[in-house]
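Participant: The structure under discussion is supplied below as structure tokens; questions concerning it will follow.
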Amino acid sequence: MKDSKLVKILKTFSEQEFSEFEKFTDSPFFCNSKILPEFLKYIKQFYPDFNDEKFNAELIFNELYPGKIFESKTSENLIHKLSSELFKLCKEFLIHSKLKNDDNRRKYYLLESFRTKKLNSEFEKEYKITGSDGNDIYKGGTDNFINNYFRTKSFLEYSIDKGKAVDAFESILTTGEYIVIAALTKGFRNGDTNLAALNYNIDTRYNLIDNFISHLDSEKLLASMKKNNDRFYPYAEVSYGIHKIFKYPDDDRHYFNLKNLVFNHYDLFGHTERYILYHTLISFCSRRLYAEDSELFKSEEFDLFEKILELGIYKYSQNDSIQINSFRSIILSAVDNNKLQWAENFVKNYLKELHPEYQENMRYYSMAIIHFEKKEFEKALENIVKVKYDFILFKSDVKNYMFKIYYELGLFDQAYSMLDTMRHYNTRTKDISDSFKQRETNFIKYAAELLKIRSRDQKTSLEYLKDKAEAEKFLGSRNWIIEKCTKH
């Protein structure tokens, strides 16, 4: 029982979800069994861990069937059958819960119901209401265009049923336009997917998306859309701007062009699309910082982080948590721009918006970095040793900072040991991109030389090491290495 599919799924339920599931099983509309609500009521006492010794088939059977004798095989099979049925009901509940919160699909199914039941006046009224997608968080994105395709498809079928040829013809064109703009949006933005795959050392296969875009005369298409005042032109223009920053990653003009487009067309998009667009700009800044420690893009990145907090688009949706990678990036950007008080305030004000399981760990991580930048190395060490590797990038980050803390405290034996740990991890791991791995490899190389110089007090090599570090293309913690060479 403790390892059953039912237990595994119930463990994921929040208290509110569990309460709603109880109501769900109590409803004859969803559950036609009288025993399943009793079964759920009994096992609720073991939620959320389900580890109690009393949570076993025999005691459950005795509770549900008082007066009957428990027989090991048949009775256990009966409890397992109830468990399986309740698991199926859990799946129905999850479907219902998602549908309840999905306005677009609810509206579409309502339209379809009115249409098939020939409730024409109700259909037309509902169709007009659903025509406004101003509150759709996906407005301006692929999901929004596809949702509008289905909405218009319903009206097309309604028009055919009613014999309205003009409306039917217009709907045929409109449904096609929604499919095309959805394809263009997805296609132009596929560079982000390819880059993400590259960052995780995933080989991307041939795909129709890239093939489609590579054979498309995009410039000619966009020019024609603009000339004809196509209502989808701003969306295509923004997505094409995204395409160009991935196609020409070293040409900063495309970044600033996209930035202006996003600012100018901000109101055309819903919350989630705004989130995606701003994080696309942020990702470009991060890549430029990886390629070269540009002061311009260092401040650009931080300004964008400030902007998403100001606009309230720092989460994928209002009901989501802040992504752990976003939180980490904001902290690192703040300290890179010497905004230490700002970083502390950010941790204080936004830590609670991380998923609860990450909050404590992220607090240790963030405060370790802030204390380090404040030269409070003992406090930094107190925090960094408490960080768990529950996020892939922490594995490199923590080792990097632990070495630097040991170095600053003059703990050379620990520093040498940490470098050896970093070297082994960097050689064996397949979880990070080659460019990131190269940055860490070079850091290990320069950190080892720096440690030798300091421990042996050979100051004559510092200037040479500094010149090499400044010229290195990929180097993690470049500024720290250069600072140690300068201020030793």
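Each value in this text was obtained by applying a stated rule to the coordinates, not by laboratory testing. Computed from a predicted structure; not experimentally measured. Note that each Cβ is placed from the backbone with ideal geometry, even for glycine, and that neighbours are counted across all protein chains shown.
Participant: Using the alpha-carbon atoms, what tilt in degrees (0 to 90, nearest 10) does helix 190-199 show relative to the longest principal axis of the chain?
Facilitator: Compared with the principal axis, the helix lies near 50 degrees.
Participant: Quick one: net charge around residue 192, please, counting Lys, Arg +1 and Asp, Glu -1 for every other residue with C-beta under 15 Å from its C-beta.
Facilitator: Local net charge: +3.
Participant: Let me see the pair-distance distribution of the stretch 103-188: every alpha carbon pair, 5 Å bin width, integer percents in order.
Facilitator: Reading upward from the zero bin: 3, 15, 25, 24, 18, 10, 4, 1, 0.
Participant: Can I ask one more? Under 30 Å Cα to Cα from residue 73, which lysines show up? Leave out anything in the same chain fewer than 8 places away.
Facilitator: Of all the lysines, those that pass the test against residue 73 - Cα under 30 Å, at least 8 places apart if same chain - are 2, 5, 8, 11, 34, 41, 44, 54, 81, 88, 91.
Participant: Nearest 10 degrees, 0 to 90: what angle lies between the long axis of helix 271-291 and the longest principal axis of the chain (Cα atoms)?
Facilitator: 20
Participant: On to the next question. Please compute the alpha carbon radius of gyration of the stretch 292-400, then divide it by the globular-protein estimate 2.2 N^0.38 Å. Two decimals is fine.
Facilitator: The value comes to 1.04.
Participant: Compute the long axis of helix 120-130 from its Cα atoms, compare it with the longest principal axis of the Cα atoms of the chain, and write down the angle in degrees, 0 to 90, nearest 10.
Facilitator: The angle comes out near 10 degrees.
Participant: Work out how much length residue 386 to residue 205 would gain on full extension: take 0.36 nm times their residue separation and subtract the Cα-Cα distance, in nm to one decimal.
Facilitator: That works out to 61.1 nm of additional length.
Participant: What label, among (1) 1.04; (2) 0.99; (3) 1.06, belongs to Rg/Rh (Cα atoms, Kirkwood Rh) computed from the structure on display?
Facilitator: Comparing each candidate, only (3) matches the computed number.
Participant: Calculate, axis by axis, the spread of Cα positions in the stretch 394-488 along the three principal axes, and write the results as whole Å, longest axis first.
Facilitator: 38, 29, 16
Participant: To the nearest 20 debye, what is the magnitude of the charge dipole of the stretch 103-188 about its Cα centre, counting +1 on the Cβ of each Lys and Arg and -1 on the Cβ of each Asp and Glu?
Facilitator: My answer is approximately 180 debye.
Participant: Rounded, prolate or oblate: which fits the stretch 67-128, taking a ≥ b ≥ c as square roots of the Cα gyration tensor eigenvalues, rounded meaning a/c under 1.5, else prolate when a/b beats b/c?
Facilitator: Prolate.
Participant: Quick query: amide H of residue 322 versus all other amide H atoms, modeled in the peptide plane; which residues come in under 5 Å with a sequence gap of 5 or more or a different chain?
Facilitator: Distant-sequence amide H within range of residue 322: 354, 355.
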